[in-house]
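Read through the structure below, which is laid out as structure tokens, and then see the notes.
The values are calculated or read from the model by the stated rules, or taken from the named source; none is laboratory data. As the structure is a prediction and not an experimental result, all values here were calculated from the model. Don't worry about glycine lacking a Cβ; one is built from the backbone with ideal geometry, like all the others, and counts go over all protein chains shown. Side chains included, ligands, DNA and RNA excluded: accessible areas come from the protein's heavy atoms. Shrake-Rupley method; radii C 1.70, N 1.55, O 1.52, S 1.80 Å.
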Amino acid sequence: MLENEKKQVQELMNTVDELLIVIDENGIIQRVNQAWIDFCVINEVQQSLWQSGSNYFEDMEARGKQQEVLAIQQVLANEIHEHKQMYPFHLSSGATQWMQVKVRRIQLTSDFSYGAIIYHKATPHHSTQEITAEVVLESMTDGFILLSDEFQIIYMNEIGGKLLNCTRKDIVGSQLAQWFPEESNPSFHTAFKRALSEQTVVELVDYYTGMDTWYQVKACPLKKGGLALYFQDISEKKKTEAQLMEYANYDYLTGLPNRRSLVQTMQSQIEQNIAFSVFHIHIDNLNFINAVHSHHAGETIMIKIAQQLKALASDTCHVGRLDGNEFIIVRKPQKGENLEVCAEQIEDIFYMPITLDTAHKVSVSASIGIACYPFDAKILEELLSYAEIAMCEAKNLRGSCYTFFLPNMKMERNRNSVIEKGLRGDLQESGFYYALQPQIDGATGEIVGAEVLSRWAHPEFGELSPLEFIEVAEETENIVPLMIHLTREVLTQIKDWEQRFGWNVRTAINMTPSLISNSKFFDDFFALLDFYGVHPSLIEIEITEQAELTYSPKTLKNLLICKNKGMSIAIDDFGTGFSMISYLTNFPINKIKIDRSFIQKIGQDAKSEAVLKSLINLATSIECELVAEGVEKPEEAEFLKANGCNIYQGYLYDRPMKVADFEAKYLHGAESRFSSTSRSTRSY
């Protein structure tokens, strides 16, 4: 076509009120009229629908209009003379403009190439009278089947054929049972018969075995007879629901039912008044195993223990994982069954070492608490609490063991609640204080150190053991404020003695594993040292070897900072735990305190004496200072001195003393001795 002819065609198109698009046989836009451009610009329609050279087919397919593209292609191929359609056009304002669309084939050039002209005409919604029932049904996203009273298939829309993997030509006119046998899913057929007989709408969701598909179906009776079936494939939705249900009710690591699932099981049994027992299982040394072998080792252990516990599962025994390193077993009693035998079967699981992926074998211990419904409690919350209380009692014993809940344990829990309340209050007003026990050089009789020992004269319970209230402080996360209070008190006293008496003896402060791994606590601790002007060399950090200390970069970093500042790092109760060599290897220890259990056996047990000598030799060989705890008899001091240990702490020299008594005995009149004492004997 010549250029002037093209201009004439364009001018002619621009005079037409209808919105026009001309495309070639490949769907490429050849030209559009000004009315269509104006409409698209005003309504912010993408350029691909009105710019010459754009692919009209691709844009339509991208918007899910494959049927419209197919119809236009049929016009281009001259298979149909004309295509008409009504469809909603969504404007940028949010409104909907209905369009009447007409497509006709045209000759584009004199060489007989053809294209199509697409007419768009804005039409009010109420004037869309050309939309027939069939157009509506074919436009639905649901599958649709029309049945007669005898369940003969009269009509099926195109999406229905896709959902059922069949064609209208094959299925229309046949009986429903021919294509969907009743035995494949009797629920569907029962629902259809009920909808017809009761003239009511019936909805259901069920699985159809013949198609391996979940369908959501609505059966609607028609006034003139027959049944309209609307259906959707919801298999993916069901799969997602199943996954969500699995996530909600099963532990991601072990695959066992989780706390939520077990709580539902127990609540159901309580509602049915079915007796059962709860076994609360705590893996005791998992943190230490993680520290030594890596966190992955802990996960491996939890998986392998879960596999062994799962072997106990049955219709009457439910096994699940609570949180972290805890499992739970819910067991219905069997006739003549002894619960102690059941507990021992669980306990036996933890006697055999577990092999890690690295081929290392590790021993795992567990504490098991047992409570029974309805004997111990009739309310689930109380029952679970009692099982946990019993588990905590079992933890106080060594190795794997089990404990049944007893009423006095509840009293102990109430006692702990009162102690926790006191920890949150004014500690000084509630009777919290500290004592000091001297460390004596057996060769000179001089004091070379002192240990701070927490004490609490509780207003209700009297004098509390530090083991008791420190444990409560740890469990209730009150250990940091408690330790900050103690540190303020100790540093105030050290500074006072330094100014009045020239005090320069190192003071040891016990710290729990959670404190040692807490960088924020150490920031506050160092700030207090600066505030009170106490030199770090006057402080010793004492770690209890019986406690499970987790090796981590944070723990190591905190201890190294302490040591670099000049503090001493001591390990207390050395020789009593399974981790002593690991501690010496992993942490910057420069003082060892031998546990009193070895000292007490001097002169009574040759084997213990041999171990004691080995410990002394070990400390000497790695250039660690050495202190013997619990020295009470002269012969104990003589043995220690003869074997190279000269620093003692024990009743032979002094019991823990109140601050005033300690000052009166060790500081008054000692100004010159402290000021002249050299610190060179201490390693910083």
Need the failing condition index for residue 413 against (1) part of a strand (DSSP E or B); (2) open to solvent by 70 Å² or more (accessible area, probe 1.4 Å), just the number.
(1)
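Inspect region 276-285 for any residue being out of contact with any helix residue (DSSP H, G or I) (no Cβ under 8 Å at 6 or more places or on another chain), modelled with pLDDT under 85 and closer than 30 Å to residue 343 by Cβ and give the result as yes or no. Walk me through it before giving the result.
Residues of region 276-285 out of contact with any helix residue (DSSP H, G or I) (no Cβ under 8 Å at 6 or more places or on another chain): 285.
Imposing the further condition that a residue be modelled with pLDDT under 85 reduces the set to 285.
Now drop any that are not closer than 30 Å to residue 343 by Cβ, which leaves 285.
Yes: region 276-285 contains one or more residues that are out of contact with any helix residue (DSSP H, G or I) (no Cβ under 8 Å at 6 or more places or on another chain), modelled with pLDDT under 85 and closer than 30 Å to residue 343 by Cβ.
When region 314-328 is examined, which residues are found to be free of Cβ contacts under 8 Å to residues at least 40 places away in the same chain and open to solvent by less than 50 Å² (accessible area, probe 1.4 Å)? Let's see the steps before the verdict.
So the first thing to find is which residues in region 314-328 are free of Cβ contacts under 8 Å to residues at least 40 places away in the same chain, and the list is 314-317, 324.
Hits for region 314-328 are 316, 317, 324.
Suppose we filter 25, 44 for residues that are open to solvent by 50 Å² or more (accessible area, probe 1.4 Å), of a type outside the set (Gly, Ala, Ser), over 28 Å from residue 159 (Cβ atoms) and in contact with a Leu (Cβ under 7 Å, 6 or more places away or on another chain); which single one remains?
Working: 44 fails: in contact with a Leu (Cβ under 7 Å, 6 or more places away or on another chain).
None of the others qualify; the one that does is 25.
Matching residues to (1) within 25 Å of residue 92 (Cα to Cα); (2) assigned to a helix (DSSP H, G or I); (3) modelled with pLDDT of 85 or more:
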residue: 22; (1), (2), (3): yes, no, yes
residue: 31; (1), (2), (3): yes, no, yes
residue: 45; (1), (2), (3): yes, no, no
residue: 51; (1), (2), (3): yes, no, yes
residue: 60; (1), (2), (3): yes, yes, yes
residue: 64; (1), (2), (3): yes, no, no
residue: 67; (1), (2), (3): yes, yes, no
residue: 71; (1), (2), (3): no, yes, yes
residue: 78; (1), (2), (3): no, no, yes
It is to be established whether one or more residues within region 220-227 are out of contact with any Gly (no Cβ under 7 Å at 6 or more places or on another chain), open to solvent by 30 Å² or more (accessible area, probe 1.4 Å), part of a loop (DSSP other than H, G, I, E, B) and farther than 19 Å from residue 152 by Cα.
no
Let me confirm something: among 603, 630, which residue is open to solvent by less than 20 Å² (accessible area, probe 1.4 Å) and out of contact with any His (no Cβ under 7 Å at 6 or more places or on another chain)?
630
Among the residues of region 159-186, what is the count of those that are part of a helix (DSSP H, G or I), surrounded by fewer than 16 Cβ atoms within 10 Å (Cβ to Cβ) and without any contact (Cβ under 8 Å) to a residue 24 or more places away in the chain?
8
Only unsatisfied item for residue 444, checking (1) more than 40 Å from the chain's Cα centre (by Cα); (2) surrounded by 21 or more Cβ atoms within 10 Å (Cβ to Cβ), is (2)
Does residue 150 satisfy the criteria of being more than 43 Å from the chain's Cα centre (by Cα) and either assigned to a helix (DSSP H, G or I) or not basic (Lys, Arg) (or both)?
yes
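Could you list, in sequence order, all residues of region 330-381 that are among the aromatic types (Phe, Trp, Tyr), modelled with pLDDT under 90 and open to solvent by 80 Å² or more (accessible area, probe 1.4 Å)?
Kept after step one, since they are among the aromatic types (Phe, Trp, Tyr), are these residues of region 330-381: 350-351, 373, 375.
Checking the rest, the ones that are also modelled with pLDDT under 90 come to 350-351.
The answer is 351, and nothing else.
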Could you tell me whether region 412-429 includes any residue that is more than 30 Å from the chain's Cα centre (by Cα), modelled with pLDDT of 90 or more and not small (Gly, Ala, Ser)?
no
Show the residue pairs meeting these rules: Cβ distance below 6 Å; 6+ apart or different chains; first residue within region 373-392 and closer than 22 Å to residue 325 by Cβ; second residue charged (D, E, K, R) and open to solvent by less than 40 Å² (accessible area, probe 1.4 Å).
386/376
Report, by residue number, each residue of region 195-210 that is open to solvent by 20 Å² or more (accessible area, probe 1.4 Å) and either more than 14 Å from residue 176 (Cβ to Cβ) or charged (D, E, K, R) (or both).
197, 198, 199, 200, 201, 203, 204, 205, 206, 207, 209
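Looking at the structure I just gave you, is residue 190 without any contact (Cβ under 8 Å) to a residue 60 or more places away in the chain, among the β-branched types (Val, Ile, Thr) and open to solvent by 50 Å² or more (accessible area, probe 1.4 Å)? Let's see the steps before the verdict.
Values: without any contact (Cβ under 8 Å) to a residue 60 or more places away in the chain: yes; among the β-branched types (Val, Ile, Thr): yes; open to solvent by 50 Å² or more (accessible area, probe 1.4 Å): yes.
Considered against the rule, which asks whether it is without any contact (Cβ under 8 Å) to a residue 60 or more places away in the chain, among the β-branched types (Val, Ile, Thr) and open to solvent by 50 Å² or more (accessible area, probe 1.4 Å), residue 190 comes out as yes.
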